[in-house]
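S.K.: Here you go, one structure.
The values are calculated or read from the model by the stated rules, or taken from the named source; none is laboratory data. Note that the structure is predicted; figures quoted are calculated from it, not measured. With ideal geometry, Cβ positions are generated from the backbone for all residues, glycine too; neighbour counts draw on all protein chains shown. The protein model used for the area step is the full one, side chains on, heavy atoms only, and it has no ligands, DNA or RNA in it. Shrake-Rupley method; radii C 1.70, N 1.55, O 1.52, S 1.80 Å.
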Amino acid sequence: MHQTYGIWINGSWEQTSRTMDVLDKYTQQKVTTIAVAEEQHITRMVECAQDALRKPFGSYDRYKVLSKAAELLVQRREQFAGVLVKEVGKPIRDSLGEVDRAAQTLLISAEEAKRIHGEGVPVEAAPGSENRMAFSIRVPVGIIAAITPFNVPLNLVCHKVGPALAAGNAVILKPSEVTPTVSLLLAELFAEAGLPSGRLNVATGFGPEIGAWLVANPLVRMFSFTGSVRVGEWLRQHAGVRKVALELGNNSANIVHKDCNLDQAVEMIATKAFNNAGQVCISVQRVFVHEKIKQEFLSKLIERTRRLIVGNPQEEKTDIGPMISLREAERVESWVREAVIEGASLAIGGKREGSVYYPTILTNVKPTMKVYSMEVFGPVVAIDTYSEENEVIAKVNDSDYGLQAGLFTSDLGFAMKAARELEVGGLIINDASAYRVDQMPYGGVKNSGTGKEGPSYAIEEMTEERLIVMNLV
Ligand code: NAD
């Protein structure tokens, strides 16, 4: 059924003069019409958020609202997952998995709302300060603009909204224009859970417009962004001295060492490289396999990949659905074609049907190829080989990105060396780079961004430390 949504402002819906359609990514039919926010709506959202911040909303109340929201989300699991299947094209099993994780993210945020604390500061240890005592408290940043991408549109929103509310802030959420509906449903759900009006506002519409209006408003004190490097850099350039947290891309490396449990490595790489059609920021992209096991690994990986079911995301059996748009599938197709022209060999895949791109494995790849050096953000794996530990560490580090990496090995010495020398935000040993649970610190180095998510870490970013010094006269 076709739905129409307004923007969510100060706890209620409002229509605007412009609208845009959202497509089912598998059928390409219109499923939803959303309102496009104008500058005046952003201005009013900021005013409402400012008003909301003046009203008391203590830690225990924040805990109760976030716990209730998590509970309601579990109850509406099928409804939210149904929207994800259509708007993202994410297979139903994975869509249900995303809703379950989002509920956990809210629950963890609720728990963290109870333990936000500062620390004692030993000022009395300074000469002349013997009569003083000091401690710090953590206070909310204020109004946070949360800007989110298309690929995990519910859980990544919860990773911003959950900690921001837990820490006592107010949020203006700008979800991706191609997957906006779960954010709107979430706003309504939060109101039902008892969230005071104005604490969460949702501005749907065009990124560059809304981004420019948010940046121009000095009352917005922080930008929490997940998305592409291009937009992240733009925000950093325009936010001035305000806080900016950036969760950006990656061309995730995974090392398959000669002593690893090969079947385990194959299973994890095959399932996590192509999950969500490879549109995951920690999706397996570059695989470095030790030359001694290359042939065995490759034939097992091809065999496992062949068994993945590609097709309609509504069906329980489907592993891989469409990409987010025809344009994106065509881009991936052109990158693969270009790699093959430059000498890569196609081990499996390389086929496109509309916006569905089949799981693809390339060998004989070179660092100069786009499928190797840039973020593919599609179901494509580039396989390279190595013989020495130092060589593979250098290859992994030869990247503009550094979000997470995977390492399959039973050699503790190599694992520890990799832990020290790989330039990444997270190293996953004996699982693929795509491993994530929601309480862990998550964030990258280099062009993968700055700042960490995971509710307790995001709360650090979304609060300021205020020092209190007492002169005990
Ligand atoms: P995108 O950068 O195109 O868009 C992200 C959001 O920014 C959208 O809501 C968009 O409307 C908005 N936007 C666009 N232009 C803007 C502007 N000028 N000012 C403010 N907002 C603007 O990214 P995408 O295509 O939706 O998502 C894919 C990217 O996201 C990939 O690079 C992927 O690696 C990254 N990603 C990173 C993580 C992570 O946690 N590190 C997670 C998921 C996705």
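S.K.: Roughly how many Å² of Leu23 are accessible to a 1.4 Å probe, to the nearest 10?
M.R.: Approximately 60 Å² of Leu23 is accessible to the 1.4 Å probe.
S.K.: Along the Cα→Cβ direction, 7 angstrom out, place labels at Val139 and Leu346. What is the inter-label distance in nm?
M.R.: 6.1
S.K.: What pairs from Lys294/Lys366; Lys64/Lys86; Lys55/Lys243; Lys68/Lys174; Lys160/Lys272 go past 26 Å between their alpha carbons?
M.R.: Lys64/Lys86
S.K.: OK, next. Trypsin sites (Lys or Arg not before Pro) within the stretch 426-473: which are DSSP loop residues with at most 10 other Cβ atoms inside 10 Å?
M.R.: Here no loop site has a sparse enough neighbourhood.
S.K.: Determine the relative contact order of the chain: mean sequence separation of Cα pairs under 8 Å and six or more apart, normalised by residue count, in whole percent.
M.R.: Reported relative contact order: 18 percent.
S.K.: Which ³J(HN,Hα) values, rounded to whole Hz and listed in residue order, are derived for the stretch 459-473 from phi using the Karplus coefficients 6.51, -1.76 and 1.60 in 6.51 cos²θ - 1.76 cosθ + 1.60 with θ = phi - 60°, glycine and proline given as x?
M.R.: Taking θ as phi minus 60°, the curve returns 5, 4, 5, 9, 10, 10, 8, 10, 8, 10, 10, 10, 9, 8, 6 Hz for the stretch 459-473.
S.K.: Pull out a ≥ b ≥ c, the square roots of the eigenvalues of the alpha-carbon gyration tensor of the stretch 406-451, then state rounded if a/c is under 1.5, prolate if not and a/b is larger than b/c, and oblate in the remaining case.
M.R.: Oblate is the answer for the stretch 406-451, as a/c is 1.5 or above yet b/c matches or exceeds a/b.
S.K.: Something else now. How much length would be gained if the chain were fully extended between Glu209 and Gln50, taking 0.36 nm per residue of separation minus their Cα-Cα distance, in nm to one decimal?
M.R.: Difference between extended and current length: 55.1 nm.
S.K.: Full extension from Glu465 to Lys366: what is 0.36 nm times the residue separation minus their Cα-Cα distance, to one decimal in nm?
M.R.: So the extension gain works out to 30.9 nm.
S.K.: Measuring from centroid to centroid over Cα atoms, what is the spacing of the stretch 1-67 and the stretch 231-286 in Å?
M.R.: The two parts, judged by their Cα centres, are 29 Å apart.
S.K.: Then there's this: Given R₀ = 45 Å, FRET efficiency for Arg230-Val473 by Cβ-Cβ distance, to 0.05?
M.R.: Result of the calculation: an efficiency of 0.20.
S.K.: Each residue of the stretch 150-162 in turn: what ³J(HN,Hα) in whole Hz from Karplus with 6.51, -1.76, 1.60 and θ = phi - 60°, glycine and Pro shown as x?
M.R.: Working through the residues one at a time gives 7, 7, 10, x, 9, 5, 5, 5, 5, 5, 9, 5, x Hz.
S.K.: Just in the stretch 90-158: which trypsin sites (Lys or Arg not before Pro) are loop by DSSP and have at most 16 other Cβ atoms within 10 Å?
M.R.: Counting only loop positions with at most 16 other Cβ atoms within 10 Å, the trypsin sites (Lys or Arg not before Pro) in the stretch 90-158 are Lys114, Arg115.
S.K.: For the stretch 378-473, run through the GluC sites (Glu not before Pro) and keep only the ones in DSSP coil with at most 16 other Cβ atoms within 10 Å of their Cβ.
M.R.: Here the sparse-neighbourhood loop sites are Glu388, Glu423.
S.K.: If you restrict to DSSP beta bridges whose two residues both lie in the chain, what percentage is antiparallel, to the nearest 5?
M.R.: 45
S.K.: Once amide H atoms are placed 1.01 Å from N in the peptide plane, what residues at a sequence separation of 5 or more from Val244, or on another chain, have their amide H within under 5 Å of its amide H?
M.R.: Phe223
S.K.: Next question, about the same structure. Can you tally the net charge around Val139? Count Lys and Arg as +1, Asp and Glu as -1, for every other residue whose Cβ sits under 9 Å from the Cβ of Val139.
M.R.: Charge balance near Val139 sits at 0.
S.K.: What is the stretch 1-112 by shape, rounded, prolate or oblate, if you read a ≥ b ≥ c off the alpha carbon gyration tensor as root eigenvalues and call it rounded for a/c under 1.5, prolate for a/b larger than b/c, and oblate otherwise?
M.R.: In terms of gyration-tensor shape, oblate.
S.K.: How high is the FRET efficiency from Asp100 to Asn430, r the C-beta distance, R0 30 Å, rounded to 0.05?
M.R.: According to the calculation, E is roughly 0.80.
S.K.: What distance in nm separates the simple spin-label points at Ala415 and Gln79, each placed 7 Å from Cα in the Cβ direction?
M.R.: 4.4
S.K.: Per residue of the stretch 219-236, in order, report the coupling 6.51 cos²θ - 1.76 cosθ + 1.60 (Karplus, θ = phi - 60°) as ³J(HN,Hα) in whole Hz, putting x for Gly and Pro.
M.R.: 6, 6, 9, 8, 10, 10, 10, 10, x, 7, 4, 4, 6, x, 5, 4, 4, 4
S.K.: Assign one of three labels to the chain, namely rounded, prolate or oblate, based on the Cα gyration tensor with a ≥ b ≥ c the square roots of its eigenvalues; rounded applies when a/c is under 1.5, prolate when it is not and a/b is larger than b/c, and oblate otherwise.
M.R.: Verdict is oblate for the chain.
S.K.: Could I ask something else about it? I want to check the label-to-label distance for Thr19 and Thr43. Put each point 7 Å from Cα in the C-beta direction and report it in nm to one decimal.
M.R.: With each label placed 7 Å out from Cα toward Cβ, I get 2.6 nm.
S.K.: Subtracting the Cα-Cα distance from 0.36 nm times the residue separation, let me have the gained length for Lys30 to Glu316 in nm, one decimal.
M.R.: The Lys30-Glu316 span can extend by a further 100.7 nm.
S.K.: Show the residues, 5+ positions off or on another chain, whose built amide H is closer than 5 Å to the amide H of Leu23.
M.R.: So Leu23 has HN proximity to Val31.
S.K.: In deg cm²/dmol, rounded to 500, what helix-only [θ] at 222 nm does the chain give when every DSSP H run of at least 4 residues adds -39500 (n - 2.57) and the total is split over its residues?
M.R.: -12000 deg cm²/dmol
S.K.: Show Asp431, Asp400 ordered by accessible area, largest first, where the area counts protein heavy atoms only and the probe is 1.4 Å.
M.R.: Asp400, Asp431
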